[in-house]
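Nothing in this text is a laboratory measurement; each read-out follows from the coordinates by a stated rule. For clarity, every value in this text was computed on a predicted model and none was experimentally measured. Note: ideal-geometry Cβ built from the backbone for every residue, glycine included; neighbour counts use all protein chains shown.
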Amino acid sequence: MVLGLYNYWIVVLLMMTGFYIVIAHGNLIKKVVGLNIFQTSVIIMYVSMGKVRDGAPPILTDGVTLYSNPLPHVLMLTAIVVGVATTALALSLVIRINEAYGSVEEEDIHTQEQSS
Amino acid sequence: MISANLPALQVIIPLLAAPLAFLLRKPRLVWPFALLTTVLTLLVSIGLLQQVLDQGVISYAMGGWSPPWGIEYRVDSANAFVALIVSAMGAIVMFYAGTSIRHELPEHKQTLFHVAYLLCLAGLLGIVVTGDAFNVFVFLEVSSLSTYIMVSLGANRRALTATFQYLIMGTLGATFILIGVGLMYVMTGTLNMVDLAQRLPEVAETRTIYSAFAFVTVGVCLKLALFPLHGWLPNAYAYAPSVATAFVASTATKVAIYVLLRFVLTIFGVTFSFNTMPLGQILMVLAILAILIPSTVAIYQTNIKRLFAYSSVGQVGYIILGISFGTVLGVSAGLLHIFNHALMKGGIFLALGCLYYRTGSVQLDAFRGLGKTMPWTMAAIVVGGLGLVGVPLTAGFISKWYLVMAALEQGYWPLAVVVLAGSLLAAVYLWKLVEMAYFQQPDNATEVREAPLALLLPTWLVIASTIYFGINTDLTIGVATLAAETLIEGVR
Amino acid sequence: MVNLIDIVLMGLLLITAFAIVRMRDLFAIVMLFSIYSLASASFFVNLDAVDVALTEAAVGAGISTVLMLGTLAMTRRHEERRPRQPHLLPLFIVAVTGAVLIYGTLDMPHFADPAAPIHQHVVPRYIEQSGTEIGIPNIVASILASYRGFDTLGETAVVFTAGLGVLTLLGRFGRREELSDGRSMYHDMILRVIGKALVPLMLLFALYVQFHGELGPGGGFQAGVVAAAAFILYSIVFGWDRAQKIISPFALNIMMACGVSLYALVGVAGMLLGGEFLNYNVLGSYPAGGQHLGIFLVELGVGITVAAVMLSIYFDFAARLAVRKLEGE
């Protein structure tokens with residue numbers, strides 16, 4: 001069973017690393033990077049689900065009968081695009097926050113907000 | 001042809017209107033165009049609800065590919081009801097926005113706001129009308145991203161940090177939902193909601209599905225701001241432009257609750273969710289905490305928008321409490337409150353926008369003597385507030401009544417006490433405002449007049465309807481009960 | 001042999017992810033992220049997900065990295081401050097979530113098992129019928145643009161929203177001041193020569209990916225990103241103001257909106273011709289012909305919007321940097 005599932009377990013580890021970066025670190029840019037790692041790892045999970053042993057990429061070719069599953073690929077194309085859209089917005093916010101507060105560290109910003 | 005394609009039109013009209021509005025560029029052109037779009041969208045919702053009540057469930061195959069190979073739009077009484085709420089608030093708030101946005105935002109941002117608004121509307125409706133689990137995720141992101149844009153346009157720099165926090169938490173929630181859907185997909189091979197509902201029972205006892213359930217519910221609870229995952233909400237509501245708060249407060253969390261209902265009842269089924277998984281108990285505990293704790297925190301707020309934001313978290317608690325029973329009565333109480341709260345909170349935030357328009361502030365101080373200087377605005381807040389407390393003759397009373405009935409039906413006497421306690425807490429924070437507005441003298445330094453008609457009319461339209469639906473309850477109770485029955489019955 | 005590549009790539013992913021957790025230098029973190037993304041893309045190729053790999057490489061290692069570096073340039077913080085005590089709460093939350101997830105995998109079909117449920121139910125029709133129903137070899141493109149075309153419309157709307165958002169936060173919509181940006185790489189001869197040679201090749205490649213996407217990996221998204229990358233390269237090497245003379249932000253705004261509108265209008269055309277929204281069969285005299293036309297137009301819409309949005313986002317970032325430089329002086 002370990003041999004059959006270790007792929008997924010490593011992906012889970014990657015996901016949790018990304019998740020940890022998001023919630024544990026105070027630097028806003030690092031949070032965004034963590035979010036990206038989290039999302040990319042979810043994509044890896046879905047794509048791993050689609051792989052078929054000895055299958056070919058899902059492009060119809062003469063002589064090939066066994067293809068890997070195309071549906072997760074389609075779903076993950078969408079997920080990648082959603083991810084970059086979120087990243088772009090998040091980074092724009094970070095730039096504006098930096099201009100307004102002079103910092104991208106959560107602690108500093110929090111202190112400034114408490115005192116004003 | 002139009003009536004056959006209503007489900008698609010419900011989402012296409014605002015979705016196509018958004019880039020077209022963007023091409024128009026000038027706010028003077030964009031606002032009327034956006035208003036027209038929201039009105040058309042409302043008409044479609046009314047038509048759709050009518051169709052569902054006449055014909056039953058409507059199924060529409062996008063692209064002509066029947067499910068589960070294509071994406072299906074599936075409209076029953078539950079989502080037609082929610083769609084109506086969303087588009088009604090969408091239209092009324094858009095009318096209000098013409099004046100409000102012109103006042104609050106610099107000219108070159110106004111068009112961008114309206115385009116984001118239309119995209120948000122399209123996204124929310126897309127979530128509600130779809131019958132495909134992954135499609136929910138896509139339109140969830142459309143509505144979320146456009147909401148972030150709207151919130152970030154608030155005047156205070158805190159709008160930026162509020163948006164960032166909302167973005168991080170919202171994206172985590174959406175990613176959790178994605179993980180959950182993935183786990184469901186890997187066990188069943190399908191994404192269509194009805195198909196999932198039919199195939200899940202065979203694999204329901206697996207650890208993968210337990211996990212999937214956990215991820216989906218946690219992700220959705222983040223989006224609907226169930227205590228303790230509500231951290232993003234108070235600041236996002238407080239610092240967003242008035243129009244954004246009014247629209248988002250009346251729709252976004254409600255749509256998230258709908259998603260919860262759809263997944264928990266239709267897809268997973270009431271037996272699995274409430275008997276196999278301890279959902280009922282967990283939701284009940286969190287709901288009780290949500291009713292009591294945020295309402296208490298609300299009392300101490302001086303930023304009144306923030307006060308009502310915490311109030312919203314509490315009101316979501318009521319809805320979730322009703323749902324946690326897992327009965328027809330409980331779920332219909334929840335659905336009723338979705339409708340009623342959307343109106344009450346929407347109306348209150350519109351009134352707060354009127355206040356902001358005239359005074360530039362939503363702090364408690366700005367309420368000093370407001371009963372004299374802005375009588376209509378204050379009255380709107382009072383009536384809305386009475387609804388939140390649950391005074392008879394308001395819509396809020398009806399939903400609380402149903403909630404208590406549902407609790408008693410299950411024999412949970414202490415819960416009736418909790419609901420009462422929540423009402424008391426709401427009365428306390430309402431009293432804070434009433435005391436300041438009617439029992440204090442206005443600041444003579446500033447000349448404050450009543451808000452313009454263009455803002456007052458939509459505000460009172462919404463507030464008056466909270467009274468109307470507190471008296472004439474046939475439509476709301478009828479549809480809510482029908483919807484609850486449909487949801488609990490499921491699709492076996 | 002395949003397994004060995006698997007292990008090496010996964011190892012790389014793990015190392016980079018852990019390194020990012022520990023590092024404080026933001027510039028290094030961004031570079032590590034870029035490696036992570038590229039390693040994922042390679043991993044996808046190994047998992048037969050060629051379209052996904054192309055997109056991940058272009059978007060993750062390309063666009064995301066560029067935007068992060070742009071952000072770093074404006075925040076000018078290359079070091080993160082020393083973190084507080086390791087928080088027990090985040091570790092606890094992460095541990096619980098990870099545990100639930102691993103628990104969930106225990107009943108999953110084994111990796112690459114051909115008998116898994118997801119290969120049995122919905123997908124066989126796509127594999128067996130798409131050749132005749134739609135008539136193009138790339139099954140992913142068939143599903144993306146036709147069977148589940150509505151998802152892709154939503155996705156294009158997401159891209160448009162992102163462009164809108166960055167425009168709102170950083171851009172100068174409606175304001176047409178001229179800003180000149182002294183920071184170009186024009187003086188560097190190697191960059192200038194190679195840049196000049198690469199840009200047309202990249203554009204050609206973008207067109208190839210766009211139109212060849214039905215026959216091999218590719219399609220609107222990838223093409224749009226590569227096209228945008230070509231202009232971004234030009235902009236970096238020759239200066240942002242020169243790039244804006246070639247494609248102005250105004251033109252990009254129009255393109256952004258037109259692409260997604262085109263997609264939606266193709267759907268409306270389907271409705272007007274008697275079918276459902278986004279039904280392509282009715283667009284042509286025979287269904288497969290209609291599918292070809294529909295997919296062609298729809299992918300074009302996607303490509304236009306994606307290219308315009310990516311470039312617009314880059315210009316917005318660059319404009320913000322230029323404004324800061326001016327105000328700093």
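Provide the net charge surrounding residue C:224, with neighbours chosen by a C-beta distance below 15 Å and charges set as Lys +1, Arg +1, Asp -1, Glu -1.
-4
Got a sec? Charge dipole of region C:140-329, +1 on Cβ for Lys and Arg, -1 for Asp and Glu; which of C:190, C:207, C:244 is way out at the positive end?
It is C:190.
Could you tell me the extents of region C:1-97's C-alpha atoms along the three principal axes, largest first, rounded to whole Å?
Principal extents (largest minus smallest coordinate, Cα): 44, 35, 20 Å.
For a test of the definition: using alpha carbon positions, the gyration tensor, and the 1.5 limit on a/c, classify region B:1-276 as rounded, prolate or oblate.
oblate
Restricting everything to alpha-carbon atoms, can you work out Rg to Rh for region B:240-306 with a Kirkwood hydrodynamic radius?
Checking Rg against Rh, the ratio lands at 1.11.
Taking the beta-carbon count within 10 Å as an exposure proxy, list C:16, B:147, B:327 from fewest neighbours to most.
Result, fewest neighbours first: B:327, C:16, B:147.
Report, as a whole number in µm² per second, the diffusion coefficient that Stokes-Einstein gives for region C:103-149 at 37 °C and 0.692 mPa s using the Kirkwood radius over alpha carbon pairs.
It diffuses with D of about 270 µm²/s by this estimate.
Based on the alpha-carbon set only, what is the convex hull volume of region B:128-283 divided per residue, in Å³?
Spread over its residues, the Cα hull of region B:128-283 gives 93 Å³ apiece.
Only Cα pairs under 8 Å and at least 6 apart count here; give the relative contact order of region B:278-492 as a rounded whole percent.
Computed value for region B:278-492: 29 percent relative contact order.
Running a GNM on chain C with Cα contacts under 10 Å, which residue among C:248, C:130, C:146 ends up with the highest mean-square fluctuation?
C:248
Kindly state, as a whole number, the per residue volume in cubic angstrom of the convex hull around the alpha carbon atoms of the protein assembly as shown.
155 Å³
Say a site is exposed when it is one of the GluC sites (Glu not before Pro), sits in a DSSP loop, and has at most 14 other Cβ atoms within 10 Å; what is then the longest site-free stretch of chain B?
B:206-446
Any lysines with Cα under 29 Å of the residue C:245 Cα? List them, leaving off those in the same chain fewer than 8 positions away.
B:26, B:109, C:196, C:325
From the mean inverse distance of alpha carbon pairs (Kirkwood) and the Cα radius of gyration, derive Rg over Rh for chain C.
1.01
What do the square roots of 5 times the Cα gyration tensor eigenvalues come to for region B:354-492, in whole Å, largest first, as semi-axes of the equivalent ellipsoid?
Computed over region B:354-492, the values are 36, 19, 11 Å.
Kindly provide log₁₀ I(q)/I(0) values, in the same order as q = 0.09, 0.10 Å⁻¹, from the Debye equation applied to equal alpha-carbon scatterers of chain B.
Once normalised to I(0) and log-transformed, intensities are -0.55, -0.69.
Setting aside same-chain residues fewer than 8 positions from residue B:254, which lysines have a Cα under 23 Å from its Cα?
The qualifying lysines are B:223, B:305, B:345, B:400.
Limiting things to C-alpha atoms, what are the Rg and the maximum Cα-Cα separation (Dmax) for region C:140-329, in angstroms?
Calculated on Cα positions, Rg and Dmax stand at 18.7, 65 Å.
Can you compute the radius of gyration and Dmax for region B:379-461, using only the Cα atoms, both in Å?
17.1, 57
Rank B:264, B:14, B:66 by how far each Cα sits towards the positive end of the charge dipole of chain B (+1 on Lys, Arg Cβ; -1 on Asp, Glu Cβ) and give me just the farthest.
It is B:14, whose Cα lies furthest towards the positive end.
Just going by the charge dipole of the protein assembly as shown, with Lys and Arg at +1 and Asp and Glu at -1 on Cβ, which of B:81, A:68, A:87 is farthest out on the positive end?
Farthest along the dipole direction, towards plus: A:87.
Radius of gyration and Dmax for region C:201-277's Cα atoms, expressed in Å?
15.9, 51
How about residue A:30: which aspartates and glutamates have a C-alpha closer than 12 Å to its C-alpha, ignoring those fewer than 8 places off in the same chain?
A:105, A:106, C:25, C:79, C:80
Counting other C-beta atoms within 10 Å, and keeping those with at most 16, which DSSP coil chymotrypsin sites (Phe, Trp or Tyr not before Pro) do you find in region B:260-368?
B:300
Equivalent-ellipsoid semi-axes (√(5λ), Cα gyration tensor) for chain A, whole Å, largest first?
Taking √(5λ) for each eigenvalue gives 40, 17, 7 Å, largest first.
Region B:317-382: which trypsin sites (Lys or Arg not before Pro) are DSSP loop and have at most 11 other beta-carbon atoms within 10 angstrom?
Loop-located and lightly packed - none at all.
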